[in-house]
Amino acid sequence: MVVLLWPRALKSASLTRYLWLFPLIAGLSWFITISILLVRWLALGQPRYPGQVNPDVPFISDIAAFTFKPVFVAGCTVTGLAFAGSMFAVHHVRYARGFYSLVDDVPWRQNASVFALIAGLAAAISLFFLSVFDTVDAHVRHLYLLMSTFGGLGLSAVLTAAVWWDQTWGPAKFAGLRRWCILNTFLMVFQVAIGLSFVVLMYSGRHKPAGFLEWTLTYLGSFWLLSFIGYTRFREDIDPESPLEAERRPLLA
């Protein structure tokens, strides 16, 4: 069964306790990386780079393709690795015994959980190569990698939200988890809407609003990553007994 894959991956409870570091590193790494690029562009007087289509709002790749490319490659590498770890962590804790232990999950959620991890790995790999091939002479390759990265991120985000949907609107079984699920789902829906709008605007030649949407999307992505901390931090306050079971227990047992 697919569900057995997750509890066996990390048997040490002490290691499971620190899985929340993956989304923390991913979110902070991405936020810092794009902020360095933005501050660099503003500090230089908002220059226009060779090959820049949008005269007002450069795409992230326009800035990253030149003097600060090493920063972009390093940031994307750290973010990609931490994102892959985040996808593993978020889906592992759902089934890990001693954490949420939802081992009786329905099969479609178990399968969606695995596909979300695969999509996350694909997005992480695409992000790394996106940063490497972010050059003026690799425009077509860069575009394909950009779409691959967005596609992997979008698929992993949607599947992850679907897997955790029962904790979003179902009975509150775990203290504090629902608000993180709601926040994460809201950010996911907002990002998907912005991402689709970005693709439409970019392919229709409306590069100025597309530029604003790209920066908005990337900054929202850092907060989306950070929201997974609420899923993966170790919980001492899990009540293994439901209220219904407590009511059925004899008073003098």
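The values are calculated or read from the model by the stated rules, or taken from the named source; none is laboratory data. Model, not experiment: these values are computed from the prediction. Note that each Cβ is placed from the backbone with ideal geometry, even for glycine, and that neighbours are counted across all protein chains shown. Each accessible area value is taken on the protein alone, full model and side chains, heavy atoms only, with ligands, DNA and RNA left out. Shrake-Rupley method; radii C 1.70, N 1.55, O 1.52, S 1.80 Å.
Averaged per residue, region 39-158 has 45 square angstrom of accessible surface, using a 1.4 angstrom probe with ligands and nucleic acids left out. Taking a point 7 Å out from the Cα of Ile36 in the direction of its Cβ, the residues of region 51-78 whose backbone N falls within less than 20 Å of it are 58-78. Rounded to the nearest Å, what's the spacing between the alpha carbon centres of region 153-209 and region 48-72? Just the number, please. Cα centres, region 153-209 to region 48-72: 27 Å. Taken one residue at a time, the phi angles of region 73-83 give Karplus couplings (6.51, -1.76, 1.60, θ = phi - 60°) of 5, 5, x, 5, 5, 5, 5, x, 5, 5, 5 Hz. Gly and Pro are set to x. The length gained on full extension between Arg97 and Trp215, counted as 0.36 nm times the residue separation minus their Cα-Cα distance, comes to 38.5 nm. Expressed as a whole percent, the accessible area of region 74-218 that falls on carbon and sulfur atoms is 75 (1.4 Å probe).
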